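Have a look at this one.
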Amino acid sequence: MASLADFESLCTQLYNPQQSQLPSNEIAAKLSGFKNPQQIPQLRAIIQQSTNQFALFFAGQTLKDMIGKKWNEIDKDEKVKLRNFLCTYIGNKGYDLPNHVKKEFYSVLGALVKLGWFEDQSNRDLPEQIKQYFIKPENPKLSIIGLQLLGSIIQEINSKNSKHSLSQHRKISTSFRDLALRPIFESALFAIKEVMRSPDQSDMVRELCLEALKLTRECLSFDFVGIFPYESTEDLGVVQIPAAWRPLLEDSNTVEIFWDIYNKFPDFSGKELAMQILVLLASVRRSLFSGEEEKVSYLSKFLNGVIVSLRNQTGLNNPDCYHQFCRLLPRLKTNFQLTEFVQCEKYKEWLDLTAKFTLESFKQWESASPKVYYILSLWMKLVASAPYVRNADQENSLESYVPEICSQFILTRLELAKGIVEKEGAIENPLEHEESLFEQMEAFPQLAHCDFEKTMQTFTSTFDPLYVQYRACIQNNGSPQEFEILEGQLAWLCYMFGSVLGRRHANASKTKESLIGDAELSARVVRVMGLISERLKNPNAYQSESVQRLELGTLKFLKQFKSIYLTDSKLDHSDFYERFKRLIQVDSELKCLNIVITKIANNLRIWAKSEKIIRKTLKLFESVTTGYSTSSMACKLESTQFMLKNHSPDTFSFLNEPMNLRHRMLFYRILTRVLFNRDGGEEAFIQFLQPIDVACAQIMQVQNPQELTTPQGRFALAGLFRDLRGICWACINKDQYGYFFDWLHPNRIVLLHKVVQYCYQYQDVMTPLLQFLCEFVLNRGHRQKFGTSSPKGIILFKELSKILVVYGRQLPNLQVPSDKEYEMRYKPISMSVLALMRSMSGDYCNFGVFELYNDSSLTDSLSIFIQLILKIPPENIKAYPKLKTNYFGLLEVLFSNFLSTIIKFDSAIFSQLLSSMEYGITDEDTSISTGVCSALNNLCDFYISNTKTKKTQDGEVLQKHLQQNPAVFHRILQQFFRLMMYEECSNQWSISRAMLSLIVIDPGFFEQLRMQIIGSIPDDERRVKLQEAFVELMKDVEYNLTTENKDTFTSNMITFRNTCKALL
């Protein structure tokens, strides 16, 4: 680089490509020289001298990347110099640096501390030094920098990087927790207290307070146990504060100071941070406290704080503060028992104010709707705990509030449904957000069953008038707005009915009253279903989103109804059916099932244009036909028989809609399963396939191939293959698969050959076809048992090979846009490879027959697709998980059972297969690296068996291949040692097996590698220990591949790996 100005110019162009005079790859090439550890002094000089934000950002980013990837290549003294330089530089200039540059430098310093935590005592001392030299009350600017630095170090320590295994991360994390985290937490508390005591309330002092609050939050969010680096405390629910922190938490000022900040801090950002900290403090583990008195005292501070906030409505007009406040309430109950709440002096006042807050929040449905779950969750947990408060002196008073809260929730949801329509899209509809809706419905039943009689009164008093209004609206052809309001309100009730159905209060059993209540609710939903059918007689109703939401509500109810009253369990539901009979003349499980199946059949016929309803209906159908009892009963029903005999698109028009194409497989999978549950034999199966037969015949009769490539033709083909895939999936035993195979071959399989010949360039056809083939050749549950005298296994592979060979020869000729490379080339290759892999590992075809009779089916299909996949750049294979999984799965199969076949390929192809193993063994997916190790182990066994144990022609061919790429085994062995010594490795057994095989093949190179690894250690003491570890590694190990010898080496490798982890 000619000068600092040139460097700054390149960095500016790099991050501002629209102003660049050079191509981005040329700029990157010129700057790539700085990514070498030898350039660290120059990068330090650039940071020291430059004021250009882009140059500083590049320097920080490059240092962070270098530290993460090349830590062992950086000299120890250079690490110390860089750390000390950054501390000085940040202290002098950090406050005035742009935020993005500052964060990069903080991150570099944090990475230096984490990776060098056990290398140098000075790294462990750094947090304390930052406290001493940066955090000074008389210098707010320097204190702000110090607090930010400590927060960045905590973030870096708390995040797992690829350099460390989980055990190494935990070791560093727990050491940092024990040595540094508490003093940092105390420093943050000290800074907050100083600010609160200071009369100076300038912007600088407020900024200092905000940074201290952020640092406190980082400390409490720390992964104290060191095993959840990716999960948040929100998900885990409990903050595992160490016992050494007990005095800090039991000190009354610790909690109260954050309540003071929440109530007094002028900015909402400070209030929100304080409330986030209070949420974390409310989540500390119960076992931290010395005794019951301390627990109650600690809880009392939170109840007092909540009382003050609710009295004064502090911060509740700010959405962020309101959200955090709502989070706090259920957290208190999660961590403390209701008994402890009752013991608090101000429990009743807290309960009264919280109940009023709850009712007010329900009424403010315009803004508070997303927070309702937190509030419901609090009351759900309180109600669930009520039976366990057995002391007569401890009155929980919940029965005075919960019924009213439950009633208000019901009424306000109906008001919300009306308000959404009247405000015309100004409010989000919660019915459109399944996840949050279902969270509310999970919490609601506990409240409803607290006083189920009153809940039922509210339900009936709201539902019955709405039902009458809805019926009148249908009869009188009401306005769209009337329909939308009524259907939204009825949808809410259907969801609530479904959530309450079958749920019981914690201290209740399936009493007669609750069963009668379930019958009352179920009858009302069935009546609504009848009104929906009346409503849909108007063709325009299908366009209404509100009627679709109501339909989804009834489906949710039916799903819950099925799980309670249509199961294989033989519970007494006589009281339910007795009341149900009085209400709607239904008195048995079979008749209830008939209602459900009829509803499913009707939905599939009439809701062709609603993908969501079709999807939910099919999921319900699947659940109904999964259980043995319900599936057996369903087969007897007229609606089911109708579907089995009339499943063509003429009857079920959803099959004609492109939006429902993906659901066709599930539809036919369910129908086929129901057919076989009815003990349908081959004759019934053939009769069932008649509509499919008609579709196949129509396609076969097409004389002009161009007709197949029209949009209509392609849609018909895609639908047919999805149907066939669903049918094949449901053939789970030998007889059922035999029926399908005999139906398809030989008369109809020619259809597949015809399609692949004329439609190979259309992925909307080829993808379903290939997916069907993958299912057809899969030996799921050993269903492909053809018998010793049957040629069907060989026929199956030959047919697959013919199709794939035709398709594979056409693929290279496709003109593929760069943005559709995966969709049009990689994906079909991946699925073809998957079909090959499944057929070759299916254990139903004797592949030796092909070579014996000079049949090229196996070699043709393999050679085509291996060449195709090897043309894909390795980085692209790694980028697409399915492609990668299928490719390495095929490799494992090939090197396990087909070595004699693949060694006949060209040396260039064989070399590429070996080279791909190099990046396969380092893949993050353990199943892939394990498969590669297995393949490599089989190859080494084959090599030794055919070149050393005995000389064979296959051995000579293999040796010629390896001579073309002589260093491949050496590189793989180096990779193995790097993995074992430095990386996280969960498949040690597989790797150790492959390692021994490579050592036995070339012991001379192993000795060279051993000396090279030992020589790379600069420390004499560690070098000697590593040398001893290598001696122990080969102790009692012989140069052969017997099982006993492999076991010895594997055992030694575990010890060797543990030694390396301690040393390196």
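Given +1 on the Cβ of Lys and Arg, -1 on the Cβ of Asp and Glu, and no further charges, what dipole in debye does the range 871-1005 carry about its Cα centre, rounded to the nearest 20?
360 debye
Using +1 at the Cβ of each Lys and Arg and -1 at the Cβ of each Asp and Glu in the chain, identify which of Ser187, Tyr542, Ile261 lies farthest towards the dipole's positive end.
Tyr542
Something else now. Using bins 10 angstrom wide from zero, how does P(r) for the range 931-1026 break down, in % of all Cα pairs?
14, 41, 30, 12, 3, 0
Now a separate question. Mean residue ellipticity at 222 nm from the helices of the chain, using -39,500 (n - 2.57) per DSSP H segment of n ≥ 4 over the full residue count, to the nearest 500 deg cm²/dmol?
Only helices count here, giving -22500 deg cm²/dmol.
If you don't mind, there's one more thing I want to ask. Just how large is the dipole of the chain about the Cα centre, in debye to the nearest 20, putting +1 at every Lys and Arg Cβ and -1 at every Asp and Glu Cβ?
Around 1500 debye, computed over the chain.
Here's a follow-up. Taking the alpha-carbon centroid of each part, what is the distance from the range 586-618 to the range 240-269 in angstrom?
55 Å
How high is the FRET efficiency from Asn602 to Ser927, r the C-beta distance, R0 51 Å, rounded to 0.05?
On the way: r = 44 Å, r/R0 = 0.87.
Between Asn602 and Ser927 the formula returns 0.70.
Mind checking the range 955-1048 for trypsin sites (Lys or Arg not before Pro) that DSSP puts in a loop (not H, G, I, E or B) and that have at most 13 other Cβ atoms within 10 Å?
Working: sites: Lys960, Arg971, Arg978, Arg993, Arg1010, Arg1022, Arg1023, Lys1025, Lys1035, Lys1046; in loops: Lys1035.
Of the trypsin sites (Lys or Arg not before Pro), the ones in loops of the range 955-1048 whose Cβ has at most 13 other Cβ atoms within 10 Å are Lys1035.
Report the extension gain between Lys171 and Glu399 in nm, rounded to one decimal, defined as 0.36 nm multiplied by the number of residues separating them, less their alpha carbon distance. The partial results should precede the final answer.
Values: separation 228, 0.36 × 228 = 82.08 nm, distance 4.96 nm.
That pair, Lys171 and Glu399, stretches by 77.1 nm at full extension.
Starting at the first residue of the range 754-764, write each ³J(HN,Hα) from the Karplus equation 6.51 cos²θ - 1.76 cosθ + 1.60 with θ = phi - 60°, in whole Hz, x for Gly and Pro.
For the range 754-764, the Karplus curve yields 5, 5, 5, 6, 9, 10, 4, 8, 10, 6, 5 Hz.
Output the relative contact order of the chain, whole-number percent, from Cα pairs under 8 angstrom with separation of 6+ residues.
Reported relative contact order: 5 percent.
Report, in debye and to the nearest 20, how large the dipole of the range 602-744 comes out about its Cα centre when Lys and Arg carry +1 and Asp and Glu carry -1 on their Cβ.
700 debye
If you take all C-alpha pairs in the range 902-967, what percent of them are over 20 Å apart?
Result for the distance tail: 30 percent.
Here are some values of Rg/Rh (Cα atoms, Kirkwood Rh): (i) 1.01; (ii) 1.17; (iii) 1.09. Which one was computed from this structure?
Label of the calculated value: (i).
OK, next. May I ask you to derive the relative contact order of the range 680-872, considering only C-alpha pairs under 8 Å and at least 6 residues apart, and to give it as an integer percent?
The normalised contact order for the range 680-872 reaches 23 percent.
Rounded to the nearest 0.05, what FRET efficiency do Gln703 and Val806 give with R0 = 25 Å and r taken as the Cβ-Cβ distance? Could you check?
Calculated transfer efficiency: 0.80.
Using DSSP loop states and a limit of at most 10 other Cβ atoms within 10 Å to flag GluC sites (Glu not before Pro), what is the longest stretch of the chain containing no flagged site?
On the way: sites that count: Glu138, Glu231, Glu424, Glu924.
Looking at the chain, 425-923 is the longest stretch - no exposed GluC sites (Glu not before Pro) with at most 10 other Cβ atoms within 10 Å.
Now for a separate question. Quick check: convex hull of the Cα atoms in the range 402-587, volume per residue, rounded to a whole Å³?
Details: hull volume 22.7 nm³, N = 186.
Here the figure is 122 Å³ per residue.
Further, regarding this structure: If contacts are Cα pairs under 8 angstrom and at least 6 residues apart, what is the relative contact order of the range 402-587 in percent? Numbers along the way, then the final one.
Details: 177 pairs, mean separation 46.8, N = 186.
So the answer I get is 25 percent.
Would you please give the residues with an amide H less than 5 Å from that of Val284, counting only those at least 5 places away or on a separate chain, with H modeled from the backbone geometry?
Residues meeting the amide H criterion: Val239.
Let me ask something else. Mind listing the phi-derived Karplus ³J(HN,Hα) values for the range 58-64, rounded to whole Hz, using 6.51, -1.76 and 1.60 with θ = phi - 60°, and x for any glycine or proline?
4, 4, x, 5, 5, 5, 4
Quickly work out the Phe438-to-Ala243 label distance, labels modelled 7 Å from Cα along the C-beta direction, and quote it in nm with one decimal.
About 4.2 nm separates the two model spin labels.
Using the Karplus curve 6.51 cos²θ - 1.76 cosθ + 1.60 with θ = phi - 60°, what ³J(HN,Hα) values do you get for each residue of the range 93-102, in whole Hz, with x for Gly and Pro?
Residue by residue, the range 93-102 yields 10, x, 4, 8, 6, x, 4, 5, 6, 4 Hz.
Every read-out reported here was derived from the displayed coordinates using simple, explicitly stated rules and does not represent laboratory data. Small disclaimer: the values here were computed from a predicted structure and weren't measured. Neighbour counts are summed over all protein chains in view; Cβ atoms, including those assigned to glycine, are modelled from backbone coordinates with ideal geometry.
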